[in-house]
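Trainee: Here it is, the structure, as structure tokens.
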Amino acid sequence: MKFLLDTHTFIWWDSAPDQIPVATLNRLQELKNEVLISLVSLWEIQIKFQLGKLSLRTDLANIVRQQESATSGPTKQSAFSASGPRAHT
């Protein structure tokens, strides 16, 4: 199954997973599923961060890399799979 995360869900997945229902988190972590994030969401996060309207625990590139490695996803920039978000184009 494919899951396209919206901006809030991606941010919560990284910094506040308690905001996401446990059943949903479990599905996102199942290796048979593919988790996607739109490039527009990454762009939105970066713009809000640069404007000071969003705090991140680290820069966005590090968050993407950490999500990939934490979920055994591929190492391509902005690409995650079920194992982690992958850019949806």
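The values are calculated or read from the model by the stated rules, or taken from the named source; none is laboratory data. None of the values given here were measured: they were computed from a predicted structure. Using ideal geometry, Cβ is built from the backbone for each residue, glycine included, and neighbour counts are taken over all protein chains shown.
Trainee: Based on what the data block shows, is residue 24 surrounded by 12 or more Cβ atoms within 10 Å (Cβ to Cβ), farther than 14 Å from residue 68 by Cα, without any contact (Cβ under 8 Å) to a residue 40 or more places away in the chain and more than 11 Å from the chain's Cα centre (by Cα)?
Mentor: So residue 24 fits the description; yes.
Trainee: Now a separate question. Under the condition of being closer than 25 Å to residue 1 by Cβ, without any contact (Cβ under 8 Å) to a residue 40 or more places away in the chain and among the polar types (S, T, N, Q), which residue from the stretch 27-71 is surrounded by the fewest Cβ atoms within 10 Å (Cβ to Cβ)?
Mentor: This residue is 69.
Trainee: Another question, if that's okay. Which one of the conditions (1) loosely packed, with under 15 Cβ neighbours inside 10 Å; (2) modelled with pLDDT of 90 or more does residue 11 fail to meet, given that it meets all the rest?
Mentor: (1)
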